[in-house]
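Notes follow the structure.
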Amino acid sequence: MDSIVIIGAGAAGSVVAKKAVMNRGVFKKIHLASRTLSKCEKVQKETNGAVSISQVDADDSKQVIKLIEAQKPDLVINMALPYQDLAIMDACLATRVHYLDTANYEPKDVAKFEYRWQWAYQERFQKAGIMAVLGCGFDPGMTNIYCAYAQEKLFDEINFIDIVDCNAGDHGKSFATNFNPEINIREVTQRGKYWKEGKWIEIDPLSISKMIDYPGVGPKKSYLIYHEEEESLVKNIKGLKQIRFWMTFSDNYIKHLDVLQSVGMTRIDPIMYNGMEIIPLQFLKALLPEPSSLAENYTGKTSIGCIFQGKKNGKPVSCFIYNVCDHAETNREVGAQAVSYTTGVPALTGAMMMLKGIWKGQGVFNVEQLPPVPFLEEVAKQGLPWHTQQLDSGAQRDLLAA
Ligand code: NDP
């Protein structure tokens, strides 16, 4: 297996295409398809023609089937938006081709991302003898794989997980999102929740915050939000008592978001404007910078990881697994900012695991269900090394001190 179709030529999809070209020994045939052909043309030019391209509307399963029939890939890597997940999975089923994505499905009219729609494909993927790998970016993705590694190598049982996600970068714009603005704002403005002793506890959006000390970055104010990997990790990590997800937002980001929300610009229901229906958030997206345009002059680092507390040989153990990634370095390497890079490189590495037969199976898998060590060794070579720091007991409380 050595042939891929990448759908979505945005910020993260372009990273996947460029890194695939840099790994020609594994990816012999690379095809990039997206809604706007000019974005594919740009990547084709930047890779000196190493990638073939075409236009596709991946909301339409029939168009994706035609694309797959024409290109005959072994694997489709979905780097478009979560809205397209099911249409692309349907096309993979119809053509019996493996599937990988970085974000779980959500319907356009409800800002509610859940795995149940994609998990419902389990039997059909099993029967077709193909594999779907869900959520193989950084978070979800690397964070799930850190959990799988901790479970396999470092703990007998993991009781507490705090996933901590910091972007301490500066892109110099007054307001911009680091990945697709529509998906980002839908995620951040929904109610927060975390999981404790078998129950989901809901909170108002951005109503709980703490200072967290991030490696390579320092202390940053972080907000408790709901993030999709929590849903699969509560099923797949043994002995879990609590899982939370924390993300940094600057005061400037929160200020802009507050104003946009209060005037109705983040609404996802249609309103009438000049005799036509528009969705305010989609209009706002058209005004905001594209995430792919932020890379130049972006300074600072991302620092993302998982803090674990649990038991090994009957004794309490605590540790932190993380990666630090520099915006300027990723821009030098592939012309992308670190958020696109930390999404695209794990997707590329997951694809490598599938093509090489290291990740194999029939059905629908979250990444923590697949072997973590070969993935971590490869993703480090591809640009995202991981670090493990032992914490003394109570250190987690210090890290998360208010
Ligand atoms: P971008 O907006 O830069 O890219 C999305 C691309 O998908 C665009 O090129 C867009 O086309 C294309 N697209 C949208 N709709 C369709 C369609 N119907 N058919 C074909 N192509 C389509 O976003 P990012 O690259 O920053 O992010 C991509 C996705 O990756 C995010 O939405 C998010 O879900 C996921 N992500 C995952 C992360 C993780 O760690 N797991 C982190 C960050 C992002 P057009 O140019 O025409 O708009």
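The values are calculated or read from the model by the stated rules, or taken from the named source; none is laboratory data. Predicted, not measured: the structure shown is a model, and the values here were computed from it. Cβ coordinates were reconstructed from backbone atoms using ideal geometry, including for glycine residues, and neighbour counts include every protein chain displayed.
Give the range 138-174 a look and list any residue that's within 16 Å of the ligand (Cβ to nearest atom) and surrounded by fewer than 18 Cβ atoms within 10 Å (Cβ to Cβ), or say none.
Lys173 - this is the single residue of the range 138-174 that is within 16 Å of the ligand (Cβ to nearest atom) and surrounded by fewer than 18 Cβ atoms within 10 Å (Cβ to Cβ).
Just need a number here: residues in the range 74-106 that are part of a helix (DSSP H, G or I), aliphatic (A, V, I, L, M), within 13 Å of the ligand (Cβ to nearest atom) and surrounded by fewer than 24 Cβ atoms within 10 Å (Cβ to Cβ).
Here is the first cut: in the range 74-106, the ones part of a helix (DSSP H, G or I) are 82-95.
Restricting the remaining residues to those that are aliphatic (A, V, I, L, M) gives 86-89, 91, 93-94.
So of that shortlist, the ones also within 13 Å of the ligand (Cβ to nearest atom) come out as 86-88, 91.
Among the residues that remain, those that are also surrounded by fewer than 24 Cβ atoms within 10 Å (Cβ to Cβ) are: 86-87.
Qualifying residue count, the range 74-106: 2.
List the number of the failed condition for Gln71; all other conditions in (1) within 9 Å of the ligand (Cβ to nearest atom); (2) surrounded by fewer than 22 Cβ atoms within 10 Å (Cβ to Cβ) hold.
Among (1) within 9 Å of the ligand (Cβ to nearest atom); (2) surrounded by fewer than 22 Cβ atoms within 10 Å (Cβ to Cβ), Gln71 violates only (1).
Please determine whether any residue of the range 263-271 is in contact with a strand residue (DSSP E or B) (Cβ under 6 Å, 6 or more places away or on another chain) and more than 30 Å from Cys136 (Cβ to Cβ).
Yes, some residue in the range 263-271 is in contact with a strand residue (DSSP E or B) (Cβ under 6 Å, 6 or more places away or on another chain) and more than 30 Å from Cys136 (Cβ to Cβ).
Kindly establish whether Asp109 is in the same structural domain as Glu69 (by TED's automatic domain parsing), acidic (Asp, Glu) and either closer than 30 Å to Cys166 by Cβ or away from the ligand (no atom under 15 Å from the Cβ) (or both).
Spelling it out, Asp109 is indeed in the same structural domain as Glu69 (by TED's automatic domain parsing), acidic (Asp, Glu) and either closer than 30 Å to Cys166 by Cβ or away from the ligand (no atom under 15 Å from the Cβ) (or both).
Among (1) more than 17 Å from Ala351 (Cα to Cα); (2) of a type outside the set (Gly, Ala, Ser); (3) in contact with a Leu (Cβ under 7 Å, 6 or more places away or on another chain); (4) outside any strand (DSSP E or B), where does Ile65 come up short?
In the conditions (1) more than 17 Å from Ala351 (Cα to Cα); (2) of a type outside the set (Gly, Ala, Ser); (3) in contact with a Leu (Cβ under 7 Å, 6 or more places away or on another chain); (4) outside any strand (DSSP E or B), Ile65 misses (3) alone.
In the range 104-119, how many are of a type in the set (A, V, I, L, M) and touching a Ser or Thr at 6+ places or on another chain (Cβ under 9 Å)?
Total meeting the criteria: 1.
Is it the case that Ala33 is in a strand (DSSP E or B), of a type outside the set (S, T, N, Q) and near the ligand (Cβ under 9 Å from one of its atoms)? Reasoning before the result, please.
Values: in a strand (DSSP E or B): yes; of a type outside the set (S, T, N, Q): yes; near the ligand (Cβ under 9 Å from one of its atoms): yes.
For Ala33, the condition - in a strand (DSSP E or B), of a type outside the set (S, T, N, Q) and near the ligand (Cβ under 9 Å from one of its atoms) - is met.
For Asn323, which of the numbered conditions (1) away from the ligand (no atom under 13 Å from the Cβ); (2) more than 18 Å from Ala11 (Cβ to Cβ); (3) of a type outside the set (Asp, Glu) fails to hold?
Unmet for Asn323, out of (1) away from the ligand (no atom under 13 Å from the Cβ); (2) more than 18 Å from Ala11 (Cβ to Cβ); (3) of a type outside the set (Asp, Glu): (1).
Any residue that is of a type outside the set (Phe, Trp, Tyr) and under 19 Å from the mean Cα position of the chain (by Cα) - is there at least one of those in the range 307-317?
yes
When you scan the range 378-393, do you find a residue that is modelled with pLDDT under 95, of a type in the set (Ser, Thr, Tyr), more than 16 Å from the ligand (Cβ to nearest atom) and surrounded by fewer than 18 Cβ atoms within 10 Å (Cβ to Cβ), even just one?
yes
What number of residues in the range 6-30 are in a loop (DSSP other than H, G, I, E, B), within 13 Å of the ligand (Cβ to nearest atom) and hydrophobic (A, V, I, L, M, F, W, C)? Steps first, please.
Start the filter on the range 6-30 by keeping residues that are in a loop (DSSP other than H, G, I, E, B), which leaves 8-10, 22-28.
Narrowing the set further to residues that are within 13 Å of the ligand (Cβ to nearest atom) leaves 8-10.
Those still in the list that are hydrophobic (A, V, I, L, M, F, W, C) too: 9.
The qualifying residues number 1.
Only one residue in Ser3, Ser38 is out of contact with any helix residue (DSSP H, G or I) (no Cβ under 6 Å at 6 or more places or on another chain), polar (S, T, N, Q), away from the ligand (no atom under 14 Å from the Cβ) and modelled with pLDDT of 95 or more, so which one is that?
Only one candidate passes the filter, namely Ser3.
Can you find a residue that is exposed (fewer than 15 other Cβ atoms within 10 Å of the Cβ), touching a His at 6+ places or on another chain (Cβ under 8 Å), in contact (Cβ under 8 Å) with a residue 24 or more places away in the chain and not assigned by TED's automatic domain parsing to the domain that holds Gln118 anywhere in the range 193-203?
no
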